[in-house]
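One structure is given here, and the rest of the page talks about it.
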Amino acid sequence: MNSISHRAYVRKKLTLVIQLIHTLSPCKTFSARKTALTKPLHKALRILDIIAPQKGATTTGRHSHLRLIQDFLETNSHHISKDYLNSNFSASSSVERISNGLDEILESSFVDNEDPDVVCLRSDAAALSSGLSLCASSHNLRGGVQYHCLAASTGFISNAYVGSSLITLYGKCGELDNAYKVFHEMPTRTVVSWTAIIYGFAQEWQVDVCMELFSMMRYSTLEPNDFTFTSLLSACTGSGALEQGRSAHCQIIHMGYDSYLHIANALISMYSKCGSVPDAFYIFDNMCGKDIVSWNSMISGYAQHGLAMQAIQLFEKMKKLGIKPDSITFLGVLSSCRHAGYVEGGRNYFNLMVKYGLRPELDHYSCLVDLLGRAGLVEEARDVISRMPFSPNAIIWGSLLSSCRLHRSVWIGIQAAEGRLLLEPDCTATHVQLANLYASVNCWDQAARVRKLMKDRGLKTNPGYSWIEVKNKVCRFRAEDRSNTRISEILTVLDCLVDHMLTLGYVPEIHEEEVHDIQYKCN
């Protein structure tokens, strides 16, 4: 068999394997909001068990799947019935993309005069890693699984680069249990492998797991790099773990990574979102070189905490230095104007975007609508929505509805509620706001109708949480939640605080919604 015909033979054999996997192992469409660790483990993909089932496993499907893969690898593909293939396999775009990738793999690994029996086992690990990376970037879990099977069948499953790419794939697709299983079973781990698994858990803001993995890495012979620290800081940012973020910052300084621009930007975001704005500004002010991300991170940090003047002043300083703002910069400035009720400034900055060649996006319109609505300009806010070059989303309608409830603009509020319910028919918050809107103008029958509709549909409000970090642990609380083992001590302290506030002349505030609830029950 010459080299060209053998290459075609191997490619066809591997393509048939992938088609078989594609048929026997359908995967659910990836959902970015899914948290893999919260689902039952028996629903996980368990691709490694499929490729190499544990001793004592009795699952017929898995054994059959493994046997079929082995049969296709060990049997001449020309012996397979053509009618069988035509009736059981359909050419999909995923299979075509993987098949095209096989061309690259085989081309890069084939050497003339080499033993043809070894060709199948010399697939290029770099090409496999590249294919897995493409699947990860597009969240293509199905295609990634097919590459995983190819790596296992060609002997590259133990390759460090392929393993790291698999971890990244499963991490980005929310399959954290599978990502960790690949990581745990890797014979050799590199700094890329450790960073990939930390990054995966950081996407789900599981800071405790990330810190534990980081500690394990430090005890190994490998040292973390700058990307390891950015992943760690990302986990701290998302979960609000300030003290653990400070601990990571100390490690960064100790290892000399504090001068890295992307590390400094990650620290600004972490301190800002964890509530330590002065620390964020200290890092920003002492940076040797700042890029647009640095300015945006600091402006957004000010905006998040309602420090509108500081955000606007920083924006004006940025313009004087000749740094061109982008759409994210304007989003931070508009958000600051919204929190401060700075209507005229919000209008001006919104119009200023055109001067810089930027088209306002949906988020910019959302800020402007919320700004106008909070100021009582609900009709102008509605006009802005009607002039938008694209359809409003549920957030914009919800913002207008909230403003209408606040300013008791019933008819515009009803329009906003209808607009949001068309997009999200089962949105509990919309029903509650609409009922409160009716109640605010004493339309009790309409309010009762909305509440009955909620009851009939089984819609319930999700409780809001507050959180506090104590001894490097984030504790969450909600009203009437007595699951905390120290709840009696907590309530005692709260009672003491309330008594002290009352002695200082504090008068408890009753929210309008609570008044409406009481009146609704009385009527």
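Run down Q433, Q415, Q446 and say which single residue is among the polar types (S, T, N, Q), over 19 Å from G346 (Cβ atoms), open to solvent by 80 Å² or more (accessible area, probe 1.4 Å) and in a helix (DSSP H, G or I).
Q415
Tell me which residues, restricted to segment 129-157, are open to solvent by less than 20 Å² (accessible area, probe 1.4 Å) and β-branched (V, I, T).
Those that are open to solvent by less than 20 Å² (accessible area, probe 1.4 Å) and β-branched (V, I, T): V145, T154.
Go through (1) of a type in the set (S, T, N, Q); (2) surrounded by 21 or more Cβ atoms within 10 Å (Cβ to Cβ); (3) over 17 Å from A266 (Cα atoms) and name the single condition S215 misses.
With (1) of a type in the set (S, T, N, Q); (2) surrounded by 21 or more Cβ atoms within 10 Å (Cβ to Cβ); (3) over 17 Å from A266 (Cα atoms) applied to S215, the lone miss is (2).
When only residues in segment 274-286 that are open to solvent by 20 Å² or more (accessible area, probe 1.4 Å) and at pLDDT 90 or above count, which is farthest from A303 (Cα to Cα)?
N286
Based on this model, can you work out whether D370 counts as closer than 28 Å to S327 by Cβ and either part of a helix (DSSP H, G or I) or open to solvent by 20 Å² or more (accessible area, probe 1.4 Å) (or both)?
Yes, satisfied.
Among the residues of segment 203-217, are any more than 19 Å from the chain's Cα centre (by Cα), modelled with pLDDT of 85 or more and farther than 20 Å from H249 by Cα?
For segment 203-217, residues more than 19 Å from the chain's Cα centre (by Cα), modelled with pLDDT of 85 or more and farther than 20 Å from H249 by Cα: absent.
The values are calculated or read from the model by the stated rules, or taken from the named source; none is laboratory data. Owing to the predicted nature of the structure, the values given are computational and were not obtained by experimental measurement. Cβ sites come from the backbone with ideal geometry, for glycine too, and all protein chains shown count toward neighbours. In case anyone asks, the SASA skips ligands and DNA or RNA and just uses the protein heavy atoms, side chains included. Shrake-Rupley method; radii C 1.70, N 1.55, O 1.52, S 1.80 Å.
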